[in-house]
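The values are calculated or read from the model by the stated rules, or taken from the named source; none is laboratory data. Being a predicted model, the structure only gives us computed values, none of them experimental. Cβ atoms come from the backbone with ideal geometry, glycine included; neighbour counts cover every protein chain shown.
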């Protein structure tokens, strides 16, 4: 891995987003939900900005392709875990989110090891799931500041959306992996031109 990839503006911004995490957790544990929400929103804005910078400055790197989703997963999974520990998110949502992410991580590692597959771009369902998770965390935090009925409804709606899209995106991932494995197997079993009689 080249150091120059790590020093690009988008990747530096992604690393900065990861550095927000411990401070968000500290504020949550201290019960300072307003500050935690502000830091979470800043982290979310940096997520959109690093992608925009990468495209605008033409600084899209292989490191960035791996680092950006890792930063997203780390942020969201940790938020769900801490908020469940604080009894702000029911455990069933957190267990489902963690189960999906761990399964995908394990499957990706195995597929890379046995078949060299490593290009797993997020599907529309995966993107919808990420959006639902971000919105769910946002409204969970906002409800601690603003007890309005509409905030409570939005919180519940996005938690349910997270539950639904986590399952759908997980099943879709399994189907995509199966298709790619079959395609790889077919390519590897096709006889070469030099081997024909």
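Would you be able to tell me the number of residues in segment 128-149 that are under 22 Å from residue 32 (Cα atoms) and without any contact (Cβ under 8 Å) to a residue 12 or more places away in the chain?
So the count comes out to 4.
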*List the pairs whose first member sits in segment 20-44 and is assigned by TED's automatic domain parsing to the domain that holds residue 141 and over 10 Å from residue 137 (Cβ atoms), whose second member is at pLDDT below 95 and part of a helix (DSSP H, G or I), and whose Cβ atoms are under 9 Å apart, counting only residues at least 6 apart or on separate chains?*
none
_If residue 11 meets every condition in (1) crowded, with 18+ Cβ neighbours inside 10 Å; (2) over 15 Å from the mean Cα position of the chain (by Cα); (3) modelled with pLDDT of 80 or more; (4) in a helix (DSSP H, G or I) apart from one, which number is that one?_
(3)
*Working carefully through the options 79, 19, find the one that is modelled with pLDDT of 85 or more and under 18 Å from residue 166 (Cα atoms).*
79
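Residue check: is residue 84 under 25 Å from residue 29 (Cα atoms), in a helix (DSSP H, G or I) and modelled with pLDDT of 95 or more?
Working: under 25 Å from residue 29 (Cα atoms): yes; in a helix (DSSP H, G or I): yes; modelled with pLDDT of 95 or more: yes.
For residue 84, the condition - under 25 Å from residue 29 (Cα atoms), in a helix (DSSP H, G or I) and modelled with pLDDT of 95 or more - is met.
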